[in-house]
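Heads up, the thing below is written out as structure tokens.
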Amino acid sequence: MEITVPAPPPVRGGLQLRPFRGLRYVPERAGRVGALAAVTADGVPDAEPGDPFHIVRLVLPRGRTSADRTAYARRTLTHWLAEGVIAADPVPALYVCEQRGDGFAQCGIVGALRLPRQGEDVVLPHEDVFEHVVADRAAVLRATAVQLEPMLLAYQGDEGPDGAGGVIERAVRRPPLVTAVMEDGVRHRLWAVTDPAELARVDAELRIRQAMILDGHHRWATYLRVRDEMRSGDRAEAEGSWDFGLALLVDTKRYPFRVRAIHRVLRRLPVARALAAVEGAFRVRAVAGDLSAVMAAAAEPAESGGNALVLAGGAAREFHLLDRPDPALLERTVPSDRPAAWRELDATVLHRTLLDHVWGVPDVPDEIGYVHDAAEAVEQARREGGTAVLMRPVGERTVRELAGVGVRLPRKSTSFGPKPAAGLVMRGLDELPRR
């Protein structure tokens, strides 16, 4: 599905993307970069990686408490720097980042994006975040003073040769700084852009643009939190490295995104109990066939604007389609102070009606898992004796319209891709206060 973002608006300041001295793995000391980097925190394994230099040791440091995790991350980063496992590039640069996989290609520019001040609308988030995730990420950022993975932002650019697109086209003709093939088979390549004329072309184009966050809302919230902390007191008027966040900006006119759903696994709610609780509140039908046929059946209500969710789990290996929710139930449980597009989302009905009122399941990690692959969600629910809730993708127009009026979707409503890799290029900050 092609993703469209708002056309260039009359925004104050526009996007400002600055060069920085990228921190990168040194292959001679660290090993093959493709075995060390990872495609966002969602893609890293739950188990501790065997390689001592894997980026997950910094992105998701291990420890029983927040203090343990931040101390682990600080020790690890200090060791890597001392041993030359990672090192800073000699001069500041913007970085062209390319991803190629089965049937897709994407190129964008990585840089230090100026974080907007209050009242500026140059960057549009579209999803809510988990407070505990932001708190953990902020603690790691304070401890390490390194931004480990870029946010993914989309904008609509100038299709001519003199803008950022032309800079990208010229960069990819040169040998890359690094080529890394990840475990999923996607090839990531990176080039540095240091020529002042090329940097000026990128700056001139982006300064009249607006972007929407596609992936990295927790990173965004983390950067804003730490920035606000650093801008308090005597630092209120000074601009520092904390006023910028690591970001990959992609022109969706040239490189359309794919949008997918994120499914839920209700770890402690057996599917039989879930089905019994919704009797009379939704129409419930058993759906035969394989997973693709089931999801096709779930897509049918979209034509009439109705909600549809698929439940799975248990030993019977059955699928159940929930649709036609009771209007009176929705009226009681879904807040009326949001636009209709938000009230009618499957994720809104799931969280506000089913989880909060019908099933009584709190949205915390011990109760709900978020899984990108539908088959994996079903198998996980069956292993744990829980319920998989399979979701339909949110329409790109809905995402764009809600973001444009400042309304955010429920957490983990969308999955855009392809995503940038953590550890391919990182950004060091000036020293931050460690807590």
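Our analysis of the stretch 284-382 gives Rg over Rh at 0.96, with the two radii drawn from alpha carbon positions and Rh computed by the Kirkwood formula. Both numbers refer to the Cα atoms of the chain; Rg and Dmax are 22.3, 66 Å.
Considering the stretch 138-263, its Cα convex hull presents a mean projected area of 10.5 nm².
Could you let me know the centre-to-centre spacing of the stretch 182-228 and the stretch 91-134, using Cα atoms, in angstrom? With the stretch 182-228 and the stretch 91-134 each reduced to a Cα centre, they are spaced 4 Å. Extension gain, E379-D121: 0.36 nm per intervening residue step, less the Cα-Cα distance, totals 88.7 nm. Shown for the stretch 365-428: the carbon plus sulfur share of the solvent-accessible area, taken with all protein chains present and a 1.4 angstrom probe, equals 42%.
Let me have the relative contact order for the chain, percent, based on Cα pairs under 8 Å that are six or more residues apart.
On the way: 883 pairs, mean separation 114.7, N = 435.
The value is 26 percent.
For the chain, the solvent-accessible area with a 1.4 angstrom probe is 44 square angstrom per residue.
Report relative contact order for the stretch 355-435 in percent, whole number only (criteria: Cα-Cα under 8 Å, sequence separation at least 6).
Details: 23 pairs, mean separation 12.7, N = 81.
Relative contact order of the stretch 355-435: 16 percent.
The equivalent ellipsoid of the stretch 41-195 has semi-axes of 29, 21, 17 Å, largest first, where each one is the square root of 5 times an eigenvalue of the Cα gyration tensor.
Comparing A341, H357, G406 along the charge dipole axis of the stretch 334-435, the residue lying farthest to the positive side is G406, per the Cβ-charge model.
According to the square roots a ≥ b ≥ c of the eigenvalues of the Cα gyration tensor, what is the shape class of the stretch 323-433, taking rounded for a/c under 1.5, prolate for a/b larger than b/c otherwise, and oblate for the remainder? Mind dumping the intermediate values first?
Values: a/c = 1.91, a/b = 1.31, b/c = 1.46.
Oblate, since a/c reaches 1.5 and b/c is not below a/b.
Restricting to DSSP H runs of at least four residues, report the calculated mean residue ellipticity at 222 nm for the chain, -39500 (n - 2.57) per run over all residues, nearest 500 deg cm²/dmol. Mind showing how you got there, number by number?
Working: 13 runs with 121 residues, N = 435.
About -8000 deg cm²/dmol.
One chain, two ends: R100 and L81. Fully extended at 0.36 nm per residue, the span grows by 3.8 nm beyond their Cα-Cα distance. Computed from point charges on the beta carbon alone (+1 for Lys and Arg, -1 for Asp and Glu), the dipole magnitude for the chain about its Cα centre is near 640 Debye.
For the stretch 198-348, build the convex hull from the C-alpha positions and give me its volume per residue in Å³. Provide the component values of the computation, followed by the final result.
Numbers: hull volume 34.0 nm³, N = 151.
About 225 Å³ per residue, rounded to a whole number.
For an R0 of 41 angstrom, estimate the FRET efficiency from the Cβ-Cβ distance between D363 and R173 and round to the nearest 0.05. Rounded to the nearest 0.05, the efficiency is 0.30. Dipole magnitude for the stretch 125-250: about 340 debye, using +1 per Lys or Arg Cβ and -1 per Asp or Glu Cβ, origin at the Cα centre. Note on E331 and R207: with the Förster distance fixed at 35 Å, the Cβ-Cβ geometry gives a FRET efficiency of about 0.15. For the stretch 51-87 versus the stretch 324-383, the spacing of their alpha-carbon centroids is 36 Å.
The values are calculated or read from the model by the stated rules, or taken from the named source; none is laboratory data. Predicted model, so just to flag it, every value in this text is computed and none were measured. Don't worry about glycine lacking a Cβ; one is built from the backbone with ideal geometry, like all the others, and counts go over all protein chains shown. Ligands, DNA and RNA are excluded from the accessible area calculation, which covers all protein heavy atoms including side chains. Shrake-Rupley method; radii C 1.70, N 1.55, O 1.52, S 1.80 Å.
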